[in-house]
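Structure, as structure tokens:
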Amino acid sequence: MRFRLFALLVTVLAVSSFYSALAQEAIVKRSSVIENYKGKPYYIHFVNQGETLLAIAEVYHVTLEELRAENPSIDKGLKADMVLRIPQKPSAAVPETEVAKTEKQLKLTSPSEPPKVQIQPAGEQNVIIYKVKKQETLYGISKQFNVTVDEILKANPGFESLKDGMEINIPQKKTITKLVIPEVPVVKEEKSIADPDEITVKTGETLYSIAKAHNTTVDALIDLNPTLSGGLKSGMVIRIRGTVRKNEILPAIKIDTSTAIRLNIPGSCYNPENSKTTYQVALLLPFMLDDAEVTDVPEQKEQADNESFNYFQFYAGFMLAADSLANYGLHARIQVLDADRLTDTLAIRQALRKPGMDKLDMMVGPVYATSFAIAARFAQKNNFGIINPLSRRESIVDGNPSVVKVQVSAAGASAKIADFIVRHGQGANVIAVRNDKKELKELADDFSILLKKGLADGSFAGTLQECVFSTDLMAGVSKKMKPGVKNIIIFFSNNKTIVPNFLSLLNPMARQDDILLIGMDGWDELELETEFLVNLNFHQLTSSYIDYESEACQQFITRFRNKYGAVPLPSKHAFLGYDMGWYFLTSLMWYGNDYTKCLPDHPGSGLQYNFDFAGAKTGAGLQNREIKMVKLQDYKMVKVD
């Protein structure tokens, strides 16, 4: 009898403890920070005091096993301020979590149960309810109602994804300001006729003729009429300009130059007569059409299996730039050839034998080393420029003035690091860490020379120390750290095995030392722990930074999607193709077939890539020396001023 009473008492105490724990448990809110890791989206959750694993699992619709698999450190206990990586799952088909099972057993509703998503007004702003149509995007809706994507998200708490037929809140500003466009006095005596908002296309009309007749641009017409991606047809009704709707701000009227790469036009190279010439251009890429397979679900294949897709996006971006430049006077005949293979040189040799290839003004590609070496010799022999879009090897320009290397040179990268340290690291202890004595040797050597020069002439007040990770190990790095000052560490390596290991060993030192880590261009392609990067105040050289908030970038994305029915991806080289197309084709149009001699005096800036070319040495080709410095801030990369 006593045993039964004791057992009952233990049970009551256990249940009471469970109820008490739930009552004290903090309400878990789903994080709005989402990060892609190994190709999958993850929430970045910051643990608050009182939160439990069960409650976190319930809010994010995951199991405890999934939480532990992604965050092994929680086996030692959950602590406030921990950062958890939680796989993002759609709200539909939510698995029953441990908390849900417990609630069913106890018939109890946990205070951490996620609230049902309800549409509510956004603060003090007025809202309208908008029903989403098929294939609409947040960006498109935001432009339609003249609000930002962030404002729409704030007005719709709990928003996860856009679906056909769903209703969302669109915030409306209390005061609407219309842009007043001053009237231009009419010189002609005859009565002017108001320009229509819509027209019916007549036989023989073209987009260019319509744009010219109605004082607009081809790109603006495409943006207003997505159906034009299928071509212009007689009898179509198209919009000429946007109409002012209720609660909509009148857009400013301006010349469409926002997507153009900015170039310094003036100079002895520029000659307006050059634009009258028809230039011969060849684009050689590894489309691998002979090996292409038709598959219903290509996105489920590994990236390596779809490598040719990278170059289709490069081609699409390049040709989009060419189409736009045709409206500004470019005359070019562009041959697109599937003539690049990793090891087989037969394709490139056959392509170079085609009639007219020896009369080219410009060749873009090929990208593979063996094919490019053959094409570069051919270009030098026939005296035209050949542009390599992807290679980082310094040697491709040696002894061949016809070669133009788009990826940044060692001199350009080292100059960017040195300039950053001089401007932002005065008084710092700089530690230049080489992986070994061979990897990125030229870059590391150039940097050392530049910073030592800064120390000598007084432009940099600090210290410079150097070590080799492969021989000195992390103990060698640790010995060179200085307490009480900022320690700027540059790791000259792109080794996909060594770099993650280096970060994991360096991370604990951030607890007692002030560290700023600078990584190389290409680290964004490595699998690096975000938590380590945050702790190490991570900065990076990069040619991959894109300001998606800029008007130029948004216009490019819209035009690309309207024309190709796909989203341009930097990893697939769409932005690189566009930037190169605009910069080099514009240079050809302005400077003529001697454009390679003029490039060093005419830098340009694009959506993703900037261009500033210089010859490394006499008799060599040109290398790009412009690269960006970015830093990790609030879990996203931002450009450093």
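Tabulated data for the structure shown
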quantity: Set 204, 165: member being assigned to a loop (DSSP other than H, G, I, E, B), modelled with pLDDT of 80 or more and not assigned by TED's automatic domain parsing to the domain that holds residue 327; calculated: 165
quantity: Only one of 591, 609, 595 that is farther than 23 Å from residue 400 by Cα, surrounded by 20 or more Cβ atoms within 10 Å (Cβ to Cβ) and in the same structural domain as residue 571 (by TED's automatic domain parsing); calculated: 609
quantity: Subset of the stretch 628-641 that is at pLDDT below 95 and hydrophobic (A, V, I, L, M, F, W, C) - its residue that is surrounded by the most Cβ atoms within 10 Å (Cβ to Cβ); calculated: 637
quantity: Tally, over the stretch 468-500, of residues that are part of a strand (DSSP E or B) and surrounded by fewer than 18 Cβ atoms within 10 Å (Cβ to Cβ); calculated: 1
quantity: Residue match in the stretch 546-561 (condition: crowded, with 17+ Cβ neighbours inside 10 Å, free of Cβ contacts under 8 Å to residues at least 40 places away in the same chain and not assigned by TED's automatic domain parsing to the domain that holds residue 447); calculated: yes
quantity: Which numbered condition residue 600 misses (of (1) closer than 30 Å to residue 83 by Cα; (2) more than 16 Å from the chain's Cα centre (by Cα)); calculated: (1)
quantity: Per-region count, the stretch 390-404, residues closer than 20 Å to residue 314 by Cα and surrounded by fewer than 24 Cβ atoms within 10 Å (Cβ to Cβ); calculated: 3
quantity: Within the stretch 603-622, tally of residues that are more than 18 Å from the chain's Cα centre (by Cα) and within 20 Å of residue 540 (Cα to Cα); calculated: 1
quantity: Residue check, residue 346 out of contact with any His (no Cβ under 8 Å at 6 or more places or on another chain) and under 25 Å from residue 568 (Cβ atoms); calculated: no
quantity: Odd one out for residue 210 among (1) at pLDDT 75 or above; (2) more than 14 Å from residue 239 (Cα to Cα); calculated: (2)
quantity: Members of the stretch 168-201 found to be modelled with pLDDT of 70 or more, out of contact with any strand residue (DSSP E or B) (no Cβ under 6 Å at 6 or more places or on another chain) and of a type in the set (D, E, K, R), listed by number; calculated: 197
quantity: Total residues in the stretch 339-360, condition more than 18 Å from residue 577 (Cα to Cα) and in a loop (DSSP other than H, G, I, E, B); calculated: 10
quantity: Number of positions in the stretch 141-164 that are polar (S, T, N, Q) and crowded, with 16+ Cβ neighbours inside 10 Å; calculated: 3
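For every residue, the table says whether it meets (1) modelled with pLDDT of 95 or more; (2) aliphatic (A, V, I, L, M); (3) assigned by TED's automatic domain parsing to the domain that holds residue 444.
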{"position": "368", "(1), (2), (3)": "no, no, no"}
{"position": "380", "(1), (2), (3)": "yes, no, no"}
{"position": "402", "(1), (2), (3)": "yes, no, no"}
{"position": "420", "(1), (2), (3)": "yes, no, yes"}
{"position": "427", "(1), (2), (3)": "yes, no, yes"}
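The values are calculated or read from the model by the stated rules, or taken from the named source; none is laboratory data. Keep in mind it's a predicted model, so treat the numbers as computed, not measured. Virtual Cβ from ideal backbone geometry, glycine too; neighbours counted across all protein chains shown.
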